[in-house]
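Below you'll find the structure, written out as structure tokens, and then a few comments.
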Amino acid sequence: MALAKYTERYLAGDSWLAGGSMHPALVREAWSLDALAPIRSGRAWLAAEAPLVASVQAHDRIPSERRGPVIADPTLDTAWWLVPLDAAAELADLRTVTVQPAGWPLHCPPVGWPVCGRFWLTRPDGSGHLTDPAVLAAAFGPGGYRRPTEASA
């Protein structure tokens with residue numbers, strides 16, 4: 001039962017990712033060959049690139065329901081956060097975060113397993129949920145993201 005639930009979620013995430021490509025069949029073909037699939041940003045999301053350690057720290061500061069998909073690549077010491085198309089301006093002042101332009105190819109593993117050392121720190125679930133740039137900026141900031149109840153205390 002639990003395995004079917006995860007399989008369904010992974011398939012939904014893969015479908016959403018492949019659907020963001022102009023060539024979904026080529027994305028699925030790459031994954032079937034255990035290769036990374038280049039998916040160009042700009043149709044459904046942009047990629048906010050940041051150092052891996054800082055990203056893991058920010059990831060831990062953001063509640064799971066507020067996090068969107070994040071790819072990690074330990075070999076490159078880099079992570080990519082999938083953010084809304086209008087996120088670049090809101091993240092422009094963060095020195096450690098670079099929002100890649102529309103059309104930039106993000107080499108994505110499938111949702112269910114790592115490929116070439118790259119894996120999903122937070123997997124896409126197929127819903128299209130992305131990380132809010134204000135939440136991401138706060139998590140990378142000096143004080144880190146704080147839940148609303150913590151902020152008022």
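The values are calculated or read from the model by the stated rules, or taken from the named source; none is laboratory data. What you see is a predicted model, and the numbers here were worked out from it, not measured in a lab. Every residue, glycine as well, gets a Cβ built from its backbone with ideal geometry; the counts of neighbours run over all protein chains shown. Just so you know, the surface numbers come from the protein's heavy atoms only, side chains and all, with ligands and any DNA or RNA stripped out. Shrake-Rupley method; radii C 1.70, N 1.55, O 1.52, S 1.80 Å.
Here are a few things to note about the model shown:
- Remark: the stretch 1-115 carries a charge dipole of roughly 200 debye about the Cα centre, counting +1 on each Lys and Arg Cβ and -1 on each Asp and Glu Cβ.
- Across the chain, the mean sequence separation of Cα contacts (distance under 8 Å, 6 or more residues apart), normalised by length, yields a relative contact order of 32 percent.
- The packing ranking, built from the mean of other Cβ atoms within 10 Å per residue, places the peptides 129-139, 13-23 in the order 129-139, 13-23, highest first.
- Per-residue ellipticity at 222 nm, computed for the chain from helices alone with -39500 (n - 2.57) per DSSP H run of at least four residues, works out to -9500 deg cm²/dmol.
- Global geometry of the stretch 1-66, whether rounded, prolate or oblate, following the gyration tensor of its Cα atoms and the 1.5 cut on a/c: oblate
- Taking 0.36 nm per residue of sequence separation and removing the Cα-Cα distance, the Tyr6/Val53 pair yields an extension gain of 14.2 nm.
- Estimated inter-spin distance, His23 and Ala89, nm [label 7 Å along Cα→Cβ]: 3.4 nm
- Between Glu65 and Ser127, the simple spin-label model (points 7 angstrom out along Cα→Cβ) gives 0.9 nm.
- Where only alpha carbons of the stretch 45-134 are counted, the Rg and the Dmax (Å): 12.0, 34
- Segments 55-67, 75-87 sorted - mean Cβ within 10 Å per residue, highest first: 75-87, 55-67
- Sorting the segments 91-104, 29-42 by their residues' average number of neighbouring beta-carbon atoms within 10 angstrom, most packed first, yields 29-42, 91-104.
- Across the accessible surface of the chain, with the other protein chains kept in place and a 1.4 Å probe, carbon and sulfur atoms take up 57 percent.
- Computed lengthening from Thr75 to Trp113, 0.36 nm per intervening residue step minus Cα-Cα distance: 12.0 nm
- When mean projected area of the Cα convex hull in nm² is computed from the coordinates, the matching label among (1) 9.6; (2) 8.7; (3) 12.4 is (1).
- Put simply, the amide H of Leu121, placed in the peptide plane, has neighbours under 5 Å in Val70, Ile71, Ala72, leaving out anything fewer than 5 places away on its chain.
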